[in-house]
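K.L.:
Please see the structure below; I have some questions.
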Amino acid sequence: MSSVRSDLSYLGAGAEGLEAYLLSQMQFWPIGINPPPGELPYPPLSIESLLLVHRRLIARKQDIPPEEQVQLNQTLEQIETVRSKWRAAWERKATQGYASRLGLWRSFLDDYRQEQDANFDRYAYEVRHRVMLQLLEPEIAPLPPAQRELLTGLDDLLKSLLTPGKFTWEPDLEPGFPPGLYWYLYGTLPRNTRESNGHLLLKTSNL
C-alpha cells in the first residue's frame, strides 16, 4: 500500500489530468508521474483510483503536515470543480469503472474457488476491487439489477468463506474503513474451503 507522500502526489497528478481523462474515450489514463523512490508503481488514472487514494488520505489525516493539508484541500477543490463541470462524463467513467471492477472481483473469487491454495494469499491485494465498488456506487446512477444481484451473490459467497479477523491492510488505514461498511476488510480467506460450502459455490458461479 502507498504512503501519504505517494498518495498526495498521485491525487495531485490526477487532479491535473482529470478533465482530459473525462473527455477521452479511455477507461484508464496515464498518470504522468513516477512514484517517490521505493514506492510501488502508480496505477493509471481512474475515478475509482482517485476515490480510493482520497479515502486512504482521510484515514491518515493525522499524518499529513499542515502545509500539505492546505495543498490537499486545494487539490480536492480542483477535483470537485472538474467533477461538477463534467458531471455526465464523470458518471460515465464511474459506471465503466464499476463494471470493470465487478468483473475483476468476480474473477478473483472464481480463481479462489477453483484453487484455494494458489489464491488465498492474494486476498489483501484483490479486495481493493470490492472497496472500489463501495466507493463508486454513490457516484453513479442506480445500479442495473443484474450488477446488484451479482454483487449480492458475491458478497454472500464471501461471507461464507471469510474467516473474521484483523484489518487486512496497514493498521493506520483502519480508521478510514470502519467494519460496519467495509466488513470484507476484516478477515482472511482460508487455504481450503469447507465442503459444506460446495452448494453455495456452485450456485454463485452461475451469477
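The values are calculated or read from the model by the stated rules, or taken from the named source; none is laboratory data. If you're wondering where the values come from, they're calculated on a predicted model, not measured in any experiment. Here the Cβ positions follow ideal geometry from the backbone for every residue, glycine too, while neighbour counts run over all protein chains shown.
K.L.:
When residue 75 is evaluated against the numbered criteria (1) closer than 25 Å to residue 188 by Cβ; (2) assigned to a helix (DSSP H, G or I), which criterion, by number, is the only one it fails?
P.N.:
It fails just one condition, (1).
K.L.:
Can you give me the number of residues within the range 1-16 that are under 18 Å from residue 77 (Cβ atoms) and in contact with a Pro (Cβ under 8 Å, 6 or more places away or on another chain)?
P.N.:
Going through the range 1-16, the residues under 18 Å from residue 77 (Cβ atoms) turn out to be 7-16.
Next cut, in contact with a Pro (Cβ under 8 Å, 6 or more places away or on another chain) only: 9-10.
Matching residues across the range 1-16 total 2.
K.L.:
Here is a further query. Considering only residues that are touching a helix residue (DSSP H, G or I) at 6+ places or on another chain (Cβ under 7 Å), touching a residue at least 24 places away in the same chain (Cβ under 8 Å), farther than 17 Å from residue 128 by Cα and not acidic (Asp, Glu), which ones fall in the range 12-49?
P.N.:
Hits for the range 12-49 are 12, 14, 15, 18, 22, 23, 27, 33, 35, 36.
K.L.:
Also: Please work out if residue 108 is within 21 Å of residue 7 (Cα to Cα), touching a helix residue (DSSP H, G or I) at 6+ places or on another chain (Cβ under 6 Å) and of a type outside the set (A, V, I, L, M). Let's see the steps before the verdict.
P.N.:
Details: within 21 Å of residue 7 (Cα to Cα): no; touching a helix residue (DSSP H, G or I) at 6+ places or on another chain (Cβ under 6 Å): yes; of a type outside the set (A, V, I, L, M): yes.
Here the answer is no, as residue 108 does not meet what is asked.
K.L.:
If you go through the range 188-196 one residue at a time, do you hit one that is surrounded by fewer than 10 Cβ atoms within 10 Å (Cβ to Cβ), modelled with pLDDT of 55 or more and either under 26 Å from residue 136 (Cβ atoms) or of a type outside the set (Lys, Arg) (or both)?
P.N.:
We begin by selecting, within the range 188-196, every residue surrounded by fewer than 10 Cβ atoms within 10 Å (Cβ to Cβ); these are 192, 194-196.
Add one more test, that the residue is modelled with pLDDT of 55 or more, and what stays is 192.
Add one more test, that the residue is either under 26 Å from residue 136 (Cβ atoms) or of a type outside the set (Lys, Arg) (or both), and what stays is 192.
Yes - at least one qualifying residue is present in the range 188-196.
Conditions (1) among the charged types (D, E, K, R); (2) over 15 Å from residue 2 (Cβ atoms), marked per residue:
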position	(1), (2)
20	no, yes
38	no, no
67	yes, yes
71	no, yes
80	yes, yes
93	yes, yes
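K.L.:
Could I ask something else about it? Which condition breaks for residue 164 when tested against (1) at pLDDT 95 or above; (2) over 30 Å from residue 62 (Cβ atoms)?
P.N.:
So the condition that residue 164 fails would be (2).
K.L.:
Could I ask something else about it? Would you mind stating whether residue 99 is within 17 Å of the chain's Cα centre (by Cα), among the aliphatic types (A, V, I, L, M), at pLDDT 95 or above and assigned by TED's automatic domain parsing to the domain that holds residue 46? Show your work before the answer.
P.N.:
Working: within 17 Å of the chain's Cα centre (by Cα): yes; among the aliphatic types (A, V, I, L, M): yes; at pLDDT 95 or above: yes; assigned by TED's automatic domain parsing to the domain that holds residue 46: no.
In short, no.
K.L.:
Which ones in the range 83-95 are over 21 Å from the mean Cα position of the chain (by Cα) and assigned to a helix (DSSP H, G or I)? Reasoning before the result, please.
P.N.:
Just the residues of the range 83-95 that are over 21 Å from the mean Cα position of the chain (by Cα), to begin with: 84-86, 88.
Matches in the range 83-95: 84, 85, 88.
K.L.:
Within the range 1-49, take every residue that is in a helix (DSSP H, G or I) and of a type in the set (Val, Ile, Thr) and give me the one that is modelled with the highest pLDDT.
P.N.:
Once the filter is applied, the top-ranked residue is 47.
K.L.:
I'm trying to understand the selection: among the residues of the range 50-64, which are part of a helix (DSSP H, G or I), touching a residue at least 60 places away in the same chain (Cβ under 8 Å) and of a type in the set (D, E, K, R)?
P.N.:
55, 56, 63
K.L.:
Can you give me the ranges of the helices (runs of 4 or more DSSP H) entirely in the range 103-184 with at least 2 residues that are among the basic types (Lys, Arg)? Reasoning before the result, please.
P.N.:
On the way: elements: 116-119, 123-126, 128-136, 145-161.
Ranges flagged: 128-136, 145-161.
K.L.:
Can you pull out the residues in the range 65-92 that are in contact (Cβ under 8 Å) with a residue 60 or more places away in the chain, out of contact with any helix residue (DSSP H, G or I) (no Cβ under 7 Å at 6 or more places or on another chain) and β-branched (Val, Ile, Thr)?
P.N.:
Matches in the range 65-92: none.
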